[in-house]
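Readers should treat all values here as calculations from the given coordinates under stated rules, not as data from a laboratory. Small disclaimer: the values here were computed from a predicted structure and weren't measured. We place every Cβ from the backbone using ideal geometry, glycine too, and count neighbours over all the protein chains shown.
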Amino acid sequence: MDLLARVFRPLLEHRRELLYMNLLYIGAILFGVVLTALDPMLQRTLLEAVGQSFSTGLAPVVEAYSQGQLAQAIVLTFVVNLFAGSLLVITAPSLVLPFWGLFMGVYRGVMWGIIFSPLGGFFDQRFLPHLLTGLIEGEAYVVAMLGVWLWWWPVVSDWGERWRHWKEGLRLQVPIYGVVILLLAIAAIYEAIEVIYLLPRS
């Protein structure tokens, strides 16, 4: 229980900032939905690009799902989402680029809004159960965005104070990523079960 308390403490202490990050992410998704309504071909183009990426760079993940290898699908999904989804895209660049992870989080939110928009006409309704995966996985990215915010806010000009704040932000990434890992693990388990066992029956 003490470990869980330490892990979730930054979220509880900065719940207002977490709310702002959620609102920012949801706003980005809604913006993507609006873009799709204005130009439905955006959805088709993006879905084709996603399909291409799965058939090339993410081929081992696709193979695990297509062959019904549940454990392997869970592990590969978790690893891809942790590294390619959050650590290397949101957090690591923010080591040197202030607030970069917020930009990447918003960008991903817009892309998800386009992909899952019901207004584009190209989204397969059979994938509606996948929205729960998106909610859990998306919240993990929101928490990673909170870590970026706490790293660089408030903006200060004094380098000594800035360095102290940067080190404190780095320390906060440990409990922040404890939550990110937990959420991505839950999302990976659900996604693998959903795709392997639920989608073929729909």
TODO: Quick one: net charge around G105, please, counting Lys, Arg +1 and Asp, Glu -1 for every other residue with C-beta under 15 Å from its C-beta.
DONE: -2
Open item on the list: If I take the Cα coordinates of the stretch 2-201 and project them onto the principal axes, what are the three extents in Å, biggest first?
Closed with: 56, 40, 28
Open item on the list: Please state the shape class of the stretch 153-202: rounded when a/c is under 1.5, otherwise prolate if a/b exceeds b/c and oblate if not, all from the C-alpha gyration tensor.
Closed with: prolate
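Between F8 and V96, 0.36 nm times their residue separation minus their Cα-Cα distance comes to what?
Taking F8 through V96 to full extension adds about 29.1 nm, to one decimal.
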Open item on the list: With angles folded into 0 to 90 degrees, how steeply does helix 130-152 sit against the dominant principal axis of the chain? Use alpha carbons for both and round to 10.
Closed with: 20
TODO: Once you have a ≥ b ≥ c as the square roots of the Cα gyration tensor eigenvalues for the stretch 1-110, tell me rounded if a/c is under 1.5, and otherwise prolate or oblate according to whether a/b is larger than b/c.
DONE: oblate
Task: the chain: calculated mean residue ellipticity at 222 nm from DSSP helix runs of at least 4, using -39500 (n - 2.57) - done: -24500 deg cm²/dmol
- [ ] Please arrange R9, R44 by counting, for each residue, the other beta carbons lying within 10 Å of its beta carbon, fewest first.
- [x] R9, R44
Task: Relative contact order %, the chain, counting alpha carbon pairs below 8 Å whose residues are six or more apart - done: 34
Open item on the list: What is the angle, in °, between the Cα long axis of helix 70-80 and the longest principal axis of the Cα atoms in the chain? Nearest 10 is fine, range 0 to 90.
Closed with: 50
